[in-house]
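The values are calculated or read from the model by the stated rules, or taken from the named source; none is laboratory data. Model, not experiment: these values are computed from the prediction. A quick note on method: Cβ atoms are made from the backbone with ideal geometry, for glycine too, and the neighbour counts reach across all protein chains shown.
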Amino acid sequence: MAEHNEIGALGEQYACRFLEQLGYEILERNWRHAKHEIDLIATHQGQLIIVEVKTRSSAVHGEPEEAVKKGKRGKIIKATNAYILATGCSMNVRFDIVSVILHPAGKPYIHHIVDAFYPTLNDKPY
């Protein structure tokens, strides 16, 4: 496995443990539909939580969550629609980001961004 894949997998493990400690129930990890993937699908307080996990070994090139741009958000939303159709889920949906920065000599820094983005019908500003 490539180093960046190992870093990503480790970040997802940390994010899972972090969310579970907050009372989230993890339903799926790395759920795929066609070419789209959702890192974590959870429930918490009656909501379906879609979680994008971004992991970096340092913040030298910016915070991990800055990598979740419009294109990535669109793919997550498409995958979420597919998940809802496949499962018949009727819960309200929320999109979160868990940002993980790994520190070689210590514990990782984890930043949970609740309601990180919202699906929109039209991204053009009017």
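Six or more apart or on different chains, Cβ atoms under 8 Å: show the pairs whose first residue is in the range 88-100 and surrounded by 18 or more Cβ atoms within 10 Å (Cβ to Cβ) and whose second is among the hydroxyl-bearing types (Ser, Thr, Tyr) and in a loop (DSSP other than H, G, I, E, B).
Here the result reads Phe95/Tyr118, each pair linking the range 88-100 to a residue that is among the hydroxyl-bearing types (Ser, Thr, Tyr) and in a loop (DSSP other than H, G, I, E, B).
With the condition kept exactly as written, say whether any residue in the range 42-49 is β-branched (Val, Ile, Thr), within 21 Å of Ile7 (Cα to Cα) and at pLDDT 95 or above.
Within the range 42-49, not a single residue is β-branched (Val, Ile, Thr), within 21 Å of Ile7 (Cα to Cα) and at pLDDT 95 or above.
With the requirement that a residue be part of a loop (DSSP other than H, G, I, E, B) and of a type outside the set (Lys, Arg), what does the range 1-60 give you?
Met1, Ala2, Leu22, Gly23, Tyr24, Ala34, Gln45, Gly46, Ser57, Ser58, Ala59, Val60
Of the residues that sit in the range 58-83 and are without any contact (Cβ under 8 Å) to a residue 12 or more places away in the chain and not small (Gly, Ala, Ser), which one is nearest to Leu27 (Cα to Cα)?
Among those that are without any contact (Cβ under 8 Å) to a residue 12 or more places away in the chain and not small (Gly, Ala, Ser), it is Asn81.
Scanning for something β-branched (Val, Ile, Thr), within 23 Å of Pro119 (Cβ to Cβ) and either touching a Pro at 6+ places or on another chain (Cβ under 7 Å) or surrounded by 19 or more Cβ atoms within 10 Å (Cβ to Cβ) (or both), does the range 52-67 turn up at least one residue?
Yes, the conditions are met somewhere in the range 52-67.
List pairs: first in the range 21-41 and over 15 Å from Leu85 (Cα atoms) and in contact (Cβ under 8 Å) with a residue 12 or more places away in the chain, second basic (Lys, Arg) and surrounded by 13 or more Cβ atoms within 10 Å (Cβ to Cβ), Cβ under 7 Å, 6+ apart or cross-chain?
Here the result reads Leu40/Arg29, each pair linking the range 21-41 to a residue that is basic (Lys, Arg) and surrounded by 13 or more Cβ atoms within 10 Å (Cβ to Cβ).
Among the candidates Leu48, Leu10, Leu40, Leu85, single out the residue that is crowded, with 18+ Cβ neighbours inside 10 Å, of a type outside the set (S, T, N, Q) and either over 12 Å from the mean Cα position of the chain (by Cα) or more than 20 Å from Phe117 (Cβ to Cβ) (or both).
When all the criteria are applied, what remains is Leu48.
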